[in-house]
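Enquirer: Take this structure, written in structure tokens, and hold onto it; I'll ask about it next.
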Amino acid sequence: MFRMLSAILLASPAGMGGGILCLLGLIWCFSPAPLPLALVTLLAGGGLLFLMGYALRRDRVLVQRGDSVTGHAVKVTRSIAKFSLTLSTPGPEIHPCRIHYRYTVDGIAYTGRSRLLWVPPVLPKDRRIRVYFDPRKPARSALDFPIIL
């Protein structure tokens, strides 16, 4: 359960934003003088977390049940945001990464990008990767790379 919640929070900026909004909403709800926007903040954060959970589940279902093709990793980008792994002392900082890729289904070229990856991906030298896609909507795709530490 904790691992799934961590994946939802760390898979995208929307998940992180949802987690922060939920935390702020909870703090404000239980503060001595609750703010009127506390419930709205809590619901907005919960909504973002729900959407991230849904997107991660959809990706997992694509990897398990979707068709697959060999794609090509075009580039790996690093986020400008830095995250420290320690709370109290300055420690090692990490930059989340994304894999931008392209693939072809039935002669039509598509592009995609991965969720945030917290470990720099190790790609083969020829940059070929397995791309999973929805046969009914080939533009929906996912990669089978770990998204959490």
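Enquirer: For the stretch 100-149, which residues satisfy the criterion of being assigned to a loop (DSSP other than H, G, I, E, B) and in contact with a Gly (Cβ under 6 Å, 6 or more places away or on another chain)? Working first, answer last.
Expert: Step one: filter the stretch 100-149 for residues assigned to a loop (DSSP other than H, G, I, E, B), giving 106-107, 114-116, 118-127, 134-140, 144-149.
The answer is ASP134, and nothing else.
Enquirer: In this structure, is THR86 polar (S, T, N, Q) and modelled with pLDDT of 85 or more? Quick ask: steps written out before the conclusion?
Expert: Working: polar (S, T, N, Q): yes; modelled with pLDDT of 85 or more: no.
Taking the combined requirement at face value, the residue does not satisfy it.
Enquirer: Here is a follow-up. Cβ contacts < 9 Å: first residue among the aromatic types (Phe, Trp, Tyr), restricted to the stretch 102-129; second residue loosely packed, with under 14 Cβ neighbours inside 10 Å and in a loop (DSSP other than H, G, I, E, B), any location; separation 6+ or different chain. Result?
Expert: Here the result reads TYR110/ALA139; TRP118/PRO146; TRP118/LEU149, each pair linking the stretch 102-129 to a residue that is loosely packed, with under 14 Cβ neighbours inside 10 Å and in a loop (DSSP other than H, G, I, E, B).
The values are calculated or read from the model by the stated rules, or taken from the named source; none is laboratory data. Everything quoted here is computed from the prediction, not taken from an experiment. Cβ sites come from the backbone with ideal geometry, for glycine too, and all protein chains shown count toward neighbours.
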